[in-house]
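**Student:** Can you read through this structure? Questions will come right after.
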């Protein structure tokens, strides 16, 4: 068993680690690049929503119909979103392709309109007078976006990010494994060395040095790969970016709910107060009428 592991490790471990490092670098770059485009995409939505709420708040705009108000915001926001599902190209290229290509329903729903359709699907949340779990609402909206969930529509980004985050530790383990495999293969050769005839044992010594050298190379490669990925993870923090995107969208949705419900509550409170005043006035008139009859 040990000999089999040693044969596989000595023949492929170092090459495997370099290959895995190259794949990890490519995937890290692609996921980071996709997250930066997602950041620009969702920022365009939150920026427009916040701007509209600030303008309406300054103008003291009243929300008479929650659904109509949110629809008006979405109609204005969707004009600022990137075209279709082509978030990895610039607007000029997207517009040019849109003129010459037919847009499928999947591309339409999965492209710039994704968040618009997702927010429309949560209209009941904004109509409710009870504050929802905004974190759950945000997750439902973002999980409807194929670009947010998967890389190239195939690889789950969250799972891929977790794998990339633990790869530095895996490389370190590979380096230690290679060291122990090399040393365990080198130590038995010492028993075959004839110290009375060192010249005749040169082949055995050469094999011993070869195994020890492999052990050292495996450790060095494992440490280098681990350090490279740790530095890359620190320089391009994928999880931090994605958490910031979702937190910003959650805050924007929360502001939207409090604004529409605040206006609706004001109207309902005003109507209720008018009704209470009317009832009290009728009671007062009835009491006054009874007092007049008794006096007569």
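**Student:** From the residues in region 230-265 that are out of contact with any helix residue (DSSP H, G or I) (no Cβ under 9 Å at 6 or more places or on another chain) and more than 20 Å from residue 46 (Cβ to Cβ), which one is modelled with the highest pLDDT?
**Tutor:** By that ranking, first place goes to 231.
**Student:** Could you tell me how many of the residues in region 41-55 are touching a residue at least 40 places away in the same chain (Cβ under 8 Å) and surrounded by fewer than 18 Cβ atoms within 10 Å (Cβ to Cβ)?
**Tutor:** 2
**Student:** Can you report the number of residues in region 209-230 which are under 28 Å from the mean Cα position of the chain (by Cα) and without any contact (Cβ under 8 Å) to a residue 24 or more places away in the chain?
**Tutor:** Selection size over region 209-230: 0.
**Student:** Look through 14, 2 and report the one residue that is under 27 Å from residue 155 (Cβ atoms), more than 29 Å from the chain's Cα centre (by Cα) and modelled with pLDDT under 90.
**Tutor:** 14
**Student:** Residues that are without any contact (Cβ under 8 Å) to a residue 60 or more places away in the chain and either buried (at least 20 other Cβ atoms within 10 Å of the Cβ) or touching a strand residue (DSSP E or B) at 6+ places or on another chain (Cβ under 9 Å) (or both): list the helices (runs of 4 or more DSSP H) wholly contained in region 107-176 that include at least 1 such residues.
**Tutor:** Helices (runs of 4 or more DSSP H) meeting the threshold: 114-120, 146-149.
The values are calculated or read from the model by the stated rules, or taken from the named source; none is laboratory data. The shown structure was predicted, so the numbers you read here are calculated from the model rather than taken from an experiment. Every residue, glycine as well, gets a Cβ built from its backbone with ideal geometry; the counts of neighbours run over all protein chains shown.
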